[in-house]
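Heads up, the thing below is written out as structure tokens.
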């Protein structure tokens, strides 16, 4: 059945699937956002314990979604995997380091004899939530601003900037996107904690943090949106496959794909509504609006980058080396196999949702933590 | 195609990947086995309702969690290193290799991630049966993860179910089931996971032995030993069986690896097995020196293991490098020539296609197809480059077998003395039990050295040498990240060991 689809349809389907996984990762960055609140939100060790043990029970889902995002890109768009990871070496290595720090920090931070001390592991968590997300934002920003690389006739990459990917962090658009992700993650983190924890003081501070961080995120969001609709983009000729710079390309994409414009607007509205409800209306359920809202915004961004004859990983120095969902993809057979595999994704999402609900049926309180074994707490 | 490759950095890239893999493999086998042991313990608790079994389960679970976290940390590096350090590889075989990694994410990682939280924090939040289900799912998820990554690794050792696409200069999958059920993938999965079960069993026995030596938690220790020794013994038998199968598949698909494992230079009928030997470091392929300074040989056994026939021929390194017409073995020099013809034909094909000269393109394509099975050989400089480091492969193989045999004996002895309730008096055995933890790790790492060093210089057997698979980076860049990884992994390992020791010292109090 899936095998009957044309290669170009499979490529579009897989860009959608990869975008969905990437967008789910963005939603789950409430964990990273919570990590950056570790030094400011709690007023006591007990409150810090509550915060860490709330977000700490979800860190693996975020981590796994990031790994799956990488795996899906590898399987569906191997030329992107080879070009970006092998080319923009340093930016990916630094991102990885921050995630290595995250993976051990929850388990190790309070364990006796942990070598580095609790504060060091908390700093690792902070770095993952701040520097890690900033760099991910910068890397995603290059989907629009481009990178300096060329591919030879065998598709082997030569990166032309000595900073090997770190130069992305010096482009205003990329930095703005990165900083938006950081503050947005803090909004999500605050909303998640507000929903998951039952503690008057923390809840009150979460409500403030939700609002403050939205205000901090807003200038970067506006800058990103402004640049997005005014900047030139990398257009692909659908017949010849040649790439050229087109003024207002992403604005054209938005207008040509009203559904994407709709996703973007609805997504942003959901996030804003979540913040308003959390800060001013006394609601604790804002995360259930902001989370899906983030997914919609993410989908819109990825759609702008990859659909409507656009190069999703453009080369600013050698336009014809730019990657499109057509020239970077796996074969028809592999995409077909992977599509059958992807049929399991709804089932996976269903059991995650079921057990998430089961575990979070009751809000987390200090009394509950005291009831649990201290050995097991993060 | 090779003009971009900085050959001096290839070995640093190799070293970095080996470093990551070996660190990763310190934590993974314990996860694979301990997850099942914890599931066994909890099942007994649910069956008997005895709270002591719950206490025991929670104790081992806490050690599992400490180890699991750092396994995850090193695992993410490995996945992304395929892109960062082996980008040519990622492009040339990503169409095939990427699929198992993505499937691993969908089918295994999410199971682990979801049920890990339930297993650790769900004791008071979900029902007893749901909790037990979660614990079993962590074990299943961990081992499913091993399945998919070992399928990917197995494909590198025996590339099947694919074809070469000259237009894109890459290999593409044509048969997913052939990749999944390749004999190397199956034997890799069964052998590797079962060895992980052995290691985890030894870990439980070793820690329990320490408790018994200290006269603490006697009941917990004896119960743990009984379950672990039984699991370890059964797993060990399976490791031996699957190891034999692995040697058999090596003989047919990676004969050079088998020759290196045995330091066999000149094949014969029949060929003997060398259980013990000391190699002459000056021995080189093609010379007349005896490869061994000292050896103990059992006649005919290698023929039997390799081909299931006592009087069969097993090729040696010289046969494979210089050819053996009697046995119909092509010389590596000939393969190199044909590989170079394939590479040149590929270039001609692309040039002709670009110029719109279709007849010339088809002619070049026909030449390429006739020689493409030797494509990778075209990148070797000389026939001897096809020989892996023999001494490291040979000694690692013997270390793995010898240590594995000792561990089997340890399981038998622990099972016997625990069953007869005399284990506390056998202090020598308890000390050996503690020591066995290190032996198990050595055996496990040695196994991977055999598997990976023994297949050098190939990233993909016969098709892609590591020199072509790597990224276009400077040696200095890879050196820098090598030492950064070394510092980070070492620090985290020390932290992990300290935490584990402290946790063990504290014991199951509070659980």
Next item on the list: Could you check how many percent of all C-alpha pairs in the stretch B:265-331 are farther apart than 14 Å?
Entry: 61
Notebook entry, point to check: Where does helix A:45-55 land angle-wise versus the long Cα axis of chain A, in degrees 0 to 90, nearest 10?
Noted result: 40
Next item on the list: Mind ranking B:17-26, B:112-121 by how tightly packed they are, going by the mean number of other C-beta atoms within 10 angstrom, highest first?
Entry: B:112-121, B:17-26
Check: Suppose R0 equals 25 Å; then what is the FRET efficiency for residue B:497 and residue B:52 from their Cβ-Cβ distance, rounded to the nearest 0.05?
Finding: 0.35
Note to self: Could you work out the percent of alpha carbon pairs in the stretch A:143-209 separated by over 20 Å, rounded to a whole number?
What the structure shows: 54
Note to self: Suppose only helical runs count, i.e. DSSP H with n ≥ 4. What mean residue ellipticity at 222 nm does that imply for chain A under -39500 (n - 2.57) per run, divided by all residues and rounded to the nearest 500 deg cm²/dmol?
What the structure shows: -21000 deg cm²/dmol
Check: How far, in degrees from 0 to 90, does helix B:87-104 lean away from the longest principal axis of the Cα atoms of chain B, to the nearest 10?
Finding: 40
Next item on the list: Would you tell me the mean number of C-beta atoms belonging to other protein chains that fall within 10 Å of each C-beta in A:89-98, as a whole number?
Entry: 5
Notebook entry, point to check: Listing B:257, B:129, B:54 from the residue with the fewest other Cβ atoms within 10 Å to the one with the most, what is the order?
Noted result: B:129, B:54, B:257
Margin query: On C-alpha positions alone, give me the angle between the axis of helix A:287-306 and the longest principal axis of chain A, in degrees, nearest 10.
Written below: 20
Checklist line | Percent of alpha-carbon pairs separated by more than 25 Å within the stretch A:72-220 | finding: 43
Notebook entry, point to check: Using bins 10 angstrom wide from zero, how does P(r) for the stretch A:2-369 break down, in % of all Cα pairs?
Noted result: 5, 24, 33, 24, 11, 3, 0
Notebook entry, point to check: Antiparallel DSSP bridges in the protein assembly as shown: what percent, to the nearest 5?
Noted result: 90
Notebook entry, point to check: In Å, the Kirkwood hydrodynamic radius of chain B over pairs of distinct alpha carbons?
Noted result: 24.7
Check: Given the convex hull over the Cα atoms of the protein assembly as shown, what projected area results after averaging over all orientations, in nm²?
Finding: 36.9
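Values quoted throughout were computed directly from the atomic coordinates according to the rules given, and no laboratory measurement underlies them. Predicted, not measured: the structure shown is a model, and the values here were computed from it. In this analysis, Cβ positions are derived from the backbone assuming ideal geometry, glycine residues included, and neighbour counts consider all displayed protein chains.
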